[in-house]
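The values are calculated or read from the model by the stated rules, or taken from the named source; none is laboratory data. Small disclaimer: the values here were computed from a predicted structure and weren't measured. Cβ placement follows ideal geometry from the backbone for every residue including glycine, while neighbour counts extend to all protein chains displayed. For the accessible areas, the whole protein counts, side chains as well, though only heavy atoms, and no ligand, DNA or RNA atoms are used. Shrake-Rupley method; radii C 1.70, N 1.55, O 1.52, S 1.80 Å.
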Amino acid sequence: MSEKEKVAADVELTSSDRTDLDSVVRPWTTTRRELWAFYVYYIGNNGLSGFNFGPSQFQNLLFLAGYDPAHPPFTAPCGADTQCVLPYLGSVRDVNSIVLLTNGISFALQAVVLLLIGAWADYGRWRPNITIFFTILAVAVSFAWLGVDDPSRWQAGVALYILGLITYQCALTFWTAAFPGLARDLPNVRQSAAEAVSGEKTLSEHADYESMERNRISNISFAVCSAGEIIILAIMVGILKGLKSDASTENNTKAFSALIAFSGGVWLLCAIPWFFLEKRRPGLALPLGASMLTIGFKQTWVALRECMRLKQTFLYLIFYFLMGDVLNTTVTVIGTLQNSVVSYSTLQLTLLLIVGIVAQGAGIYLFWLVQKRYQISTKTMLCFNVFWILILTVWGLIGIHTDKFGFKHVWEIWLYQAYYGLMVCPWYAYSQTMISEVSPLPQMFLFFALFSVVGKTSAFIGPLVSSAIITASGNNDNYPFVFLFTLGALSTVFLYLVDVQKSRAECEAFVLAEAKREAFADSP
């Protein structure tokens with residue numbers, strides 16, 4: 001069932017179950033101030049602290065604390081043309097392997113946390129408080145980096161790296177969960193829904209209208225974040241010039257921590273309006289026999305069970321699990337190579353991020369223009385996007401036996417940032433849209449929760465395997481691309497097998513069978 005058809009089905013169920021028009025119109029209205037507070041929050045939660053500079057600083061500290069394994073331990077520092085190792089978790093490991101291993105641990109913890117409390121975004125009125133909690137914790141972690149700016153403190157960097165990734169992802173997850181309610185409570189969307197129920201417009205017309213409004217909010221949110229992030233990065237360039245980050249290794253290391261703290265401060269400023277202006281919309285009522293401590297596990301089990309009844313949804317779930325792991329791990333591996341190639345230069349990394357953000361804005365916009373112009377399906381656009389993700393793994397794979405190519409030169413890193421933004425970033429839009437294409441609307445929250453857990457689960461497998469591959473290959477940092485290309489190619493088979501037309505029929509039958517489930521009633 002397409003997004004348009006799902007919206008229409010939802011309204012049709014509403015119109016048949018509710019005779020009072022006032023019961024269709026929800027009592028919460030999304031105001032312009034609330035909507036812009038939602039947009040501005042995204043400027044702060046842009047990932048610069050926990051997802052970009054935090055990991056780079058962590059790897060930088062490891063490199064400075066490590067030693068060349070060609071000499072006795074800790075007698076020769078790491079250099080640009082030497083290997084670099086440190087003892088970590090019982091073994092002497094390459095620093096890139098340590099980053100991947102720690103990344104895998106972080107994602108494993110994220111999976112556990114979101115499995116336990118992720119469902120709280122759908123029930124009761126807990127979600128805003130959870131967003132506030134993780135945001136404040138993430139900001140605190142950002143400021144804590146100011147005390148970790150010396151290689152001797154790299155063990156503390158491990159903790160901050162893991163906490164930074166977890167708090168960033170959790171804050172982003174619970175902020176994103178507000179989107180459906182915001183879109184549905186727009187005055188014009190509420191009016192359109194009422195007109196559809198009263199027969200003043202067709203269900204198809206309302207479905208088209210609501211779909212366009214959701215896309216409008218999504219596109220504006222991304223545009224506002226990108227514009228804000230470019231301004232933040234431009235300010236950071238000025239900060240780096242003031243700190244003379246390129247004057248010495250010590251200055252560069254301190255500059256990393258300063259940028260992370262600055263990002264945290266901006267995040268807090270951008271988050272405050274959302275903390276106060278977001279309306280406390282009620283979620284769903286807890287099913288009988290469930291508690292807030294068990295609902296996450298029960299929701300995941302129910303979603304998986306229901307998914308098994310929807311064959312096309314299950315096929316896409318397998319693809320999403322595999323390809324999500326491939327992309328997450330590929331980006332992490334390339335990130336470790338990138339940091340080494342630019343010698344952990346804060347200025348170079350900041351300029352690279354500016355190029356990447358401009359490119360990703362252009363990439364997503366161009367993909368959307370082409371899709372709109374030629375009316376291309378979501379699956380076809382996703383297949384096209386996945387092809388370029390596989391090319392990215394081939395790029396790295398070539399570098400196994402040569403130093404001339406494979407993310408080993410500065411020019412390649414600049415090219416990668418542009419390539420990633422233009423050809424790879426649309427994955428984050430189309431992979432999510434495809435979930436809605438193969439999921440029944442009345443239980444959409446269940447399936448998005450399932451895909452979220454699956455995404456976090458797969459995200460820790462790839463880094464752990466890649467870390468082991470690097471160690472087993474004698475510290476060849478390009479060897480994980482063999483595993484990533486193979487797994488990526490395998491995953492495309494499952495995407496090819498997904499039949500959206502069959503999925504529509506399966507979802508229609510599923511909706512009819514499950515329309516009266518009391519578990520999906522609104523909480524008081």
Hey, could you check segment 464-504 for residues that are without any contact (Cβ under 8 Å) to a residue 12 or more places away in the chain and outside any helix (DSSP H, G or I) and say which is nearest to Trp427 (Cα to Cα)? Ser473
With the checklist (1) surrounded by fewer than 20 Cβ atoms within 10 Å (Cβ to Cβ); (2) in contact with a strand residue (DSSP E or B) (Cβ under 7 Å, 6 or more places away or on another chain) in hand, flag the one item Ile295 doesn't pass. (1)
Do the conditions hold for Ser263, that is, is it more than 23 Å from the chain's Cα centre (by Cα), of a type outside the set (D, E, K, R) and closer than 24 Å to Leu160 by Cβ? no
Counting only residues that are among the acidic types (Asp, Glu) and more than 27 Å from Asn252 (Cα to Cα), segment 111-166 contains a total of 1
Is it fair to say Ala80 is modelled with pLDDT under 95, in contact with a Lys or Arg (Cβ under 7 Å, 6 or more places away or on another chain) and either among the hydrophobic types (A, V, I, L, M, F, W, C) or open to solvent by 20 Å² or more (accessible area, probe 1.4 Å) (or both)? no
Would segment 34-50 turn up any residue that is open to solvent by 10 Å² or more (accessible area, probe 1.4 Å), in contact with a Pro (Cβ under 8 Å, 6 or more places away or on another chain), of a type in the set (Val, Ile, Thr) and touching a residue at least 40 places away in the same chain (Cβ under 8 Å)? yes
Can you work out which of the residues in segment 145-173 that are farther than 13 Å from Phe58 by Cβ and aliphatic (A, V, I, L, M) is modelled with the highest pLDDT? Leu146
Hey, could you check segment 335-359 for residues that are of a type in the set (S, T, N, Q) and open to solvent by 40 Å² or more (accessible area, probe 1.4 Å) and say which is farthest from Val237 (Cα to Cα)? Ser340
Output the number of the condition that Ile364 fails; it satisfies all remaining conditions of (1) at pLDDT below 90; (2) surrounded by fewer than 21 Cβ atoms within 10 Å (Cβ to Cβ); (3) part of a helix (DSSP H, G or I). (2)
In segment 136-183, residues that are under 30 Å from Val85 (Cβ atoms) and assigned to a helix (DSSP H, G or I) total 25
Regarding segment 281-289, can at least one residue be identified that is within 30 Å of Asp149 (Cβ to Cβ), open to solvent by 30 Å² or more (accessible area, probe 1.4 Å) and touching a residue at least 12 places away in the same chain (Cβ under 8 Å)? no
In segment 367-376, the residues that are surrounded by 15 or more Cβ atoms within 10 Å (Cβ to Cβ) and over 22 Å from the mean Cα position of the chain (by Cα): Gln371
Would you mind stating whether Ala8 is at pLDDT below 90, assigned to a helix (DSSP H, G or I) and either open to solvent by 60 Å² or more (accessible area, probe 1.4 Å) or over 30 Å from Pro87 (Cβ atoms) (or both)? yes
Would you point out which residue out of Ala156, Ala171, Ala178 is in contact with a helix residue (DSSP H, G or I) (Cβ under 8 Å, 6 or more places away or on another chain) and closer than 18 Å to Ala258 by Cβ? Ala156
Could you list all residues from segment 238-278 that are under 18 Å from Ser221 (Cα atoms), open to solvent by 50 Å² or more (accessible area, probe 1.4 Å) and at pLDDT below 95? Leu277
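So that you can scan it fast, the table gives a plain yes or no per residue for (1) over 30 Å from Arg281 (Cα atoms); (2) in contact with a strand residue (DSSP E or B) (Cβ under 7 Å, 6 or more places away or on another chain); (3) at pLDDT 90 or above:
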position	(1), (2), (3)
Gly66	yes, yes, yes
Tyr88	yes, no, yes
Ser91	yes, no, yes
Thr102	yes, no, yes
Trp120	no, no, no
Qualifying residue in segment 435-443 (condition: part of a loop (DSSP other than H, G, I, E, B), at pLDDT below 90 and farther than 30 Å from Ala223 by Cβ): yes
Would you call Tyr430 at pLDDT 80 or above, open to solvent by 10 Å² or more (accessible area, probe 1.4 Å), closer than 13 Å to Tyr316 by Cα and of a type outside the set (D, E, K, R)? yes
What's the total number of residues in segment 96-116 that are open to solvent by less than 20 Å² (accessible area, probe 1.4 Å) and of a type in the set (A, V, I, L, M)? 5
Here is a list: Thr102, Thr131. Which entry is over 19 Å from Phe460 (Cβ atoms) and polar (S, T, N, Q)? Thr131
Return yes or no: is Leu35 of a type in the set (A, V, I, L, M) and over 29 Å from Leu352 (Cβ atoms)? yes
Within segment 377-406, which residues are open to solvent by less than 50 Å² (accessible area, probe 1.4 Å) and not in a helix (DSSP H, G or I)? Gly399, Ile400, Thr402, Gly406
Residue list for segment 303-314, filter: open to solvent by 20 Å² or more (accessible area, probe 1.4 Å) and among the aliphatic types (A, V, I, L, M): Leu304, Met308
